[in-house]
Amino acid sequence: MTFQELILALERFWAERGCLIVQPYNSEVGAGTFNPHTFLRAIGPEPWNVAYVEPSRRPTDGRYGENPNRLQQFHQYQVILKPSPLDIQDLYLESLRALGTDPSHHDIRFIEDDWESPTLGAWGLGWQVWLDGLEISQFTYFQQCGGIDCKPISGELTYGLERIAMYLQDVDDVYELQWAPGIRYGDIYKRAEWEWSTYNFEQADVELQKNLFEEYEKQVAVLLGLSDKKGKGGALQFDREPLERLALPAYDAVIKCSHYFNVLDARGAISVTERQRYIGRVRLIARAVAESWYAQREALGFPLLDTAAAAQ
Amino acid sequence: MSSEFLLEIGTEELPASFVTHALRSMKASAVELVGQARLGTDSLEVHTMGTPRRLALRLRGLAASQPDRDETVMGPPWSAAFETDGSPKKAATGFSKKHGVAVGDLRKQATDKGDYVSVQVHEAGKATDAVLTEILPELCRRITFPKSMRWGPGEIAFGRPIHWIVSLLGSEVVGFEFAGVQAGRSTRGHRFLAPKSFDLDHASNYEEALEQAHVIVDLTRRKDRMMDGLLASAKSLDGVLEPDAFLADECVSLVEEPFTVPGSFDESFLELPDTVVVSVMRDHQRYFAVRASKGGALLPSYLNVVNTAQDPETIAKGNDRVLRARLADARFFVEEDRKAPLADRLQKLESVVFQSKLGTMGAKVRRLQANARALAQGSGTDADACVEAARLCKADLETLIVFEFPELQGEMGRWYALREGIDSAIADAIRDHYRPQGADDVVPDQVVGAVVAVADRIDTLVGCFGIGLVPSGSADPFALRRAALGIIRIALEGPIDVDLQQLIDEAYAAYSGDAELAPADEVRASLGDFFRGRIRAMLKDAHGGDVVDACLGAWDGTSLRDLRSRIEAVSELGAAPEFEALAVAFKRAFNITKESARGVVDPALLEAGAERALAERFGTVRDQIREATDERRYADALKLVAKELGAPIDRFFEEVFVMVDDARIRENRLRLLREIADTVNGIAHFHQLGTKLQRRDPSISA
């Protein structure tokens, strides 16, 4: 099974089970969770079932294309099922069958792996899924997102596509994967890994990244009308009514801040104490967006609740 | 004869630590709720079982039904219930109706607040199943987990989502609902080997039926099975299993039916240090290592406990591949690390924070060198080796392999040092300076390691006390108690003595220029008290708190071994039968003289008899006692005291009245006693001893 056949098999599988098939987000994200189709839609009471590929950037994991397993950009296949159905594990195992892997002939294990994104103010409980000792997926029940308690709970399945493909194709080097007949993963990405590793570790302009972080951080406050003052118990205050706020452009700015922080981190430009402060700053604006998004959906009467009711 | 009751809660895969935690709370709640519901009997057995996918409770010896209960129920005040003529008001008719009795059955009961209406109620016991139906939802609610989660609609929190509940009393379902799941008799077997749900006909068939369905629900039995498999597989490889209790507990909690699948890796990876190979296998993959039966060398094999083994070859192949990548990573780290000598990492330690107010690890390492030099000179060892070991002891924190496997700190530093040709005493010290890690760990057995270990701990202690980071209650984030205990144990069990006072002063001086610490006097005092507290906590069980206190009182706060000699001497003497009288006598001597002035005894003023006898005896042995004390031969000193002074001082207190009216005689007498008390107090403060010393038994210590 080629890399692209793997993607197609997952798209088909989840489309047949009622997921919207959407596209990767057009900004630099560290994981599929950052895509607004997950981060924002996991908030609030509206149901949401979606699946998509997410090219995910982890600047610190870059190895100049020299390590057979580590990449600064890899591909996740992300599935969100909200509310999480009781048969979510069975659905997941069925999806492995769709990839030609019969779980009963392998050793499949659900190993505790709680997930937390300090920058997104999000956390959940769940597992990493092992296939014969290889971590191929992460499985998370979101408990909180943007500092807001989730209700209902979203179930998130994240497939590590490179790892699964290496397993299916029986290769030890990611660059040897067949993306499509005649085209290897390395043909597409090896040079990119070297360039981005060089950029992230050596050449990224530290001042530029710092300035971009600051500017985008300010944008969030402007676009949401976020006040400097806090209310009781540290509650965020907004000078704009929910539907006057531009939550989506503000969220893009959050994604940018998170990305520039990651680049600065890889570049070794952030000290230990600064690191915590940066994370806290991103978490604050992520929370401001999450609260604004919720307020907007509420102001709109949570429209997808009606759609779901009508569908039943 | 009552029936067996079974409760099984079927869940998604619970983390290893959750199962034991949940079962403990389940058992405690079951005992409590069954007792409250009057279903307990003398033969009640409460047994819990669990796997990653189920928590089970078995009750045997439940009462066949709830016993009847007679109870007095209080009602409204009598005056509110009855007219003065005795005719009932509304309150009386209402109350009698509520309890199903006639108004005539109501009784008057006198209380502190006046007369009240009461009624004798007879409550017929309910059938056991009816009671269970009521208490089971509460039992489920009371199950606790290290962390709980919500799922689906998000209404209920539990360790993991619940899928089914079995609730059987004998062969009958005891119905109830929890988390939206209706209890019944349908259970499920192994997720992959027996995935279909099936009905249990009787509670007592539970374990057997599940075993048929590839689930060994009893944790102990499952572990025995797993260990048998591991040992047999190791043997078939001509090897022995590398024991790992933590890993065994973890693995048994990850499977419902354990199988062992052996795998292998390329022999060239054995060039890595054993600890690295074992750590990679254990930490990343939860594999057991195997050593050759002969010689004990690590074999290029591993044992993997799996949940499903329909196709062991496929499973081994997959796992081999993962391990190969992991070991290749580790080899890469080690090769990279070896490209530069350990000492090159010192520069990097300059930018690693030790503690925000105490500066960097680089500064700490410089202080360690100063501390090590002082300690080495104090104990007459090779100072240069100690200083060099102190310089290098933290360098491996900046290696790639320790970044990946923090638990290999010290071990890897030693390994790299040996390969650089660094002297083995120094290399060993890099590893050993982390010892003892806990109460069960050994202390460094070589001088250099012991010196660096003490130097490191005292630096942390002085620094933290200097900025007010003092442990309180259970909060001890810098493990300062363990650090102090480490120093005490090294001095008492290891190759070097420690002069605590000098140690604290040197470590304080080493901070000069690195950090703003509280004044030296304060740090010395608070840290001194802290050490005394630790010493007391450590030794009181073996010797008795009063013995430790008595010796701490006489101790000058310097040599820890000196303190130990005192404690041992007092303990030893305390075991002798004549000690009680001796202790009482010296306590008396101390108490009577503590306010009086010291001075030279005038022999002319001594009364013939007991007083003169005591003075003469003391005069002949005083210098011997003091000499033995000065030479720290406390056992000898105490033997002299007991042998030479015991009888005379007893006689003295029996025959001589101290507080006579004649001031000159009284003063002289007090001077004599004062001098004796001072001499004995130089060894230990007898007045701090309990008087039941000779019955001292570690099991009944204070």
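Each reported figure results from applying straightforward, stated rules to the coordinates on display, with no laboratory input. Small disclaimer: the values here were computed from a predicted structure and weren't measured. We place every Cβ from the backbone using ideal geometry, glycine too, and count neighbours over all the protein chains shown.
Would you calculate, for chain B, the mean residue ellipticity at 222 nm contributed by helices, counting each DSSP H stretch of 4 or more residues as -39,500 (n - 2.57) and dividing by all residues, to the nearest 500? Walk me through the numbers on the way to the answer.
Details: 26 runs with 335 residues, N = 702.
For chain B, the value works out to -15000 deg cm²/dmol.
Quick check: convex hull over the Cα atoms of segment B:108-224, volume per residue in Å³, rounded to an integer? Walk me through the intermediate numbers first.
Details: hull volume 25.3 nm³, N = 117.
For segment B:108-224, the hull spanned by Cα atoms encloses 217 Å³ per residue.
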Task: Cα-based Rg of chain A normalised by 2.2 N^0.38 Å, two decimals - done: 1.03
TODO: Take the Cα atoms of segment A:1-53, find their three principal axes, and give me the spread along each one in whole Å, biggest first.
DONE: 37, 27, 13
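Assuming 1.002 mPa s and 20 °C, estimate D for chain B with Stokes-Einstein, Rh taken as the Kirkwood radius over Cα pairs, in µm²/s.
Details: Rh = 32.7 Å.
Value of D from the Cα-based Kirkwood radius: 66 µm²/s.
Suppose the chain between B:ASP201 and B:SER17 were pulled fully straight at 0.36 nm per residue; how much longer would it get relative to their current alpha carbon spacing? Could the numbers behind the result be given before it?
Values: separation 184, 0.36 × 184 = 66.24 nm, distance 3.13 nm.
Between B:ASP201 and B:SER17, full extension yields 63.1 nm more.
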TODO: Sort segment B:72-120 into rounded, prolate or oblate with this rule: let a ≥ b ≥ c be the square roots of the eigenvalues of the Cα gyration tensor; rounded if a/c is under 1.5, and if a/c is not under 1.5, prolate when a/b is larger than b/c, oblate otherwise.
DONE: oblate
Open item on the list: Using Cβ counts within 10 Å as a stand-in for footprinting exposure, how do B:SER29, B:SER474 rank, fewest first?
Closed with: B:SER474, B:SER29
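Regarding the protein assembly as shown, what's the average projected area of the Cα-atom convex hull, expressed in nm²? Walk me through the intermediate numbers first.
Values: hull surface 241.6 nm².
The orientation-averaged projected area of the Cα hull of the protein assembly as shown comes to 60.4 nm².
Using unit Cβ charges (K, R positive; D, E negative) and no other charged atoms, how large, in debye to the nearest 20, is the dipole of segment B:559-700 about its Cα centre? All intermediate terms of the calculation are to be shown ahead of the outcome.
On the way: 24 positive and 25 negative charges, 87 e Å.
The calculated dipole for segment B:559-700 is roughly 420 debye.
Counting Lys +1, Arg +1, Asp -1, Glu -1, what net charge surrounds B:ASP428 among other residues with beta carbon under 13 Å of its beta carbon?
Numbers: positive: B:ARG414, B:ARG431, B:ARG435; negative: B:GLU388, B:GLU411, B:ASP423, B:ASP432, B:ASP445.
Overall, the nearby charge balance is -2.
Between B:ASP68 and B:LYS147, how high is the FRET efficiency from 1/(1 + (r/R0)^6) when r is the Cβ-Cβ distance and R₀ = 41 Å? Nearest 0.05. Display every interim value, and only then the final one.
Numbers: r = 44 Å, r/R0 = 1.07.
The value I calculate is 0.40.
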TODO: List the relative contact order of segment A:204-305 as a percent without decimals, with contacts defined as Cα pairs under 8 Å and 6+ residues apart.
DONE: 34
TODO: Once you have the Kirkwood Rh of segment B:498-632 from its Cα pairs, apply Stokes-Einstein at 20 °C and 1.002 mPa s and quote D in µm²/s.
DONE: 118
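Classify segment B:599-661 from the C-alpha gyration tensor, please: rounded if a/c falls under 1.5, else prolate or oblate depending on whether a/b exceeds b/c. It would help to have the intermediate numbers written out before the result.
On the way: a/c = 2.72, a/b = 1.84, b/c = 1.48.
The shape class here is prolate.
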Open item on the list: How compact is segment A:204-305 by the rule of thumb for globular proteins, expressed as Cα Rg over 2.2 N^0.38 Å?
Closed with: 1.17
Task: Once the Cα gyration tensor of segment A:49-104 is diagonalised, semi-axes √(5λ) in Å - done: 29, 16, 8
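Before anything else, pin down the relative contact order of chain B: Cα pairs under 8 Å, at least 6 apart, normalised by residue count, whole percent. Spell out each step's value before the answer.
On the way: 1163 pairs, mean separation 54.5, N = 702.
Relative CO of chain B lands at 8 percent.
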Open item on the list: What distance in nm lies between label points placed 7 Å from Cα along the C-beta direction at A:ARG17 and B:ALA439?
Closed with: 4.9
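What is the packing order of peptides B:369-381, B:431-443, taking the mean over residues of other C-beta atoms within 10 Å and listing the highest first?
Numbers: B:369-381: 20.6, B:431-443: 16.2.
Per-residue mean Cβ counts within 10 Å order the peptides as B:369-381, B:431-443.
Relative to the present Cα-Cα distance, how much length would full extension add between B:ASP630 and B:ALA663 at 0.36 nm per residue of separation? All intermediate terms of the calculation are to be shown ahead of the outcome.
Details: separation 33, 0.36 × 33 = 11.88 nm, distance 3.40 nm.
My answer for the length gained is 8.5 nm.
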Task: Average silhouette area of segment B:574-627, convex hull of alpha-carbon atoms, in square nanometres - done: 5.1
Task: Distribution of pairwise C-alpha distances over segment B:300-446, 10 Å bins, in % - done: 10, 31, 29, 15, 10, 3, 0
Task: Spherically averaged projected area in nm², based on the convex hull that wraps the Cα atoms of segment B:178-239 - done: 5.9
Task: Principal axes of segment B:20-160: Cα extent on each, largest first, Å - done: 70, 38, 27
- [ ] In vacuum, with every alpha carbon of segment B:263-333 counted as one equal point scatterer, what does the Debye formula give for log10 I(q)/I(0) at q = 0.12, 0.19, 0.23 Å⁻¹? Two decimals, please.
- [x] -0.30, -0.73, -1.03
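For B:ALA130 and B:SER264, compute 0.36 nm times the residue count separating them, minus their Cα-Cα distance, and round to one decimal in nm. Provide the component values of the computation, followed by the final result.
Values: separation 134, 0.36 × 134 = 48.24 nm, distance 5.71 nm.
Length gained between B:ALA130 and B:SER264: 42.5 nm.
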Task: Modelled FRET efficiency - R0 41 Å, B:ASP42 with B:ALA642, Cβ distances, 0.05 increments - done: 0.15
- [ ] Note down the nm distance, to one decimal, between modelled labels 7 Å out along Cα→Cβ at B:ASP224 and at A:VAL206.
- [x] 6.3
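From the square roots a ≥ b ≥ c of the eigenvalues of the alpha-carbon gyration tensor of segment B:219-338, which class results: rounded (a/c under 1.5), prolate (a/b over b/c), or oblate? Spell out each step's value before the answer.
On the way: a/c = 1.80, a/b = 1.57, b/c = 1.15.
The shape class here is prolate.
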Open item on the list: To make sure I understand, if each residue's beta carbon is the centre and we count other beta carbons within 10 Å, what order do A:TYR199, A:TYR260, B:TYR302, A:TYR167 fall in, fewest to most?
Closed with: A:TYR199, A:TYR167, A:TYR260, B:TYR302
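What ratio of Cα Rg to 2.2 N^0.38 Å holds for segment A:114-219?
Numbers: Rg = 18.8 Å, N = 106, 2.2 N^0.38 = 12.9 Å.
After normalising by residue count via 2.2 N^0.38 Å, the value is 1.45.
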- [ ] Would you mind ranking A:THR60, B:THR314 by Cβ crowding within 10 Å, fewest neighbours first?
- [x] A:THR60, B:THR314
Task: Residues of segment B:455-477 with amide N under 12 Å of the 7 Å Cα→Cβ point at B:ALA537 - done: B:471-477
Open item on the list: I want to check the label-to-label distance for B:VAL600 and A:ASP172. Put each point 7 Å from Cα in the C-beta direction and report it in nm to one decimal.
Closed with: 9.3
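Taking the Cβ-Cβ separation of B:ASP85 and B:GLN182 as r and a Förster radius of 60 Å, what is the calculated FRET efficiency to the nearest 0.05?
So the FRET efficiency works out to roughly 0.60.
Kirkwood hydrodynamic radius, segment B:235-278, all distinct C-alpha pairs: what's the number in Å? Kindly include the intermediate steps, with their values, before the conclusion.
Values: mean 1/r = 0.0778 Å⁻¹.
Averaging 1/r across every pair of different Cα atoms and inverting gives 12.9 Å.
What value, in deg cm²/dmol to 500, does the helix sum -39500 (n - 2.57) over DSSP H runs of n ≥ 4 give at 222 nm once divided by the residues of chain A? Present the calculation step by step, with values, prior to reporting the outcome.
Working: 9 runs with 128 residues, N = 312.
Roughly -13500 deg cm²/dmol at 222 nm, from the helical runs in chain A.
Averaged across A:118-129, how many Cβ atoms of other chains sit within 10 Å of each residue's Cβ atom?
Details: counts 0, 0, 0, 0, 0, 0, 1, 9, 5, 4, 0, 1.
For this peptide, the per-residue mean of nearby foreign Cβ atoms is 2.
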Open item on the list: Strictly greater than 20 Å: what percent of every Cα pair in segment B:559-700 meets that?
Closed with: 45
- [ ] Report the net charge of residues surrounding B:ALA81, where surrounding means a beta-carbon distance below 10 angstrom and charges are Lys +1, Arg +1, Asp -1, Glu -1.
- [x] +1
- [ ] Compare A:GLU16, A:GLU112, A:GLU291 in a GNM of chain A, Cα atoms joined below 10 Å, and give the one with the largest fluctuation.
- [x] A:GLU16
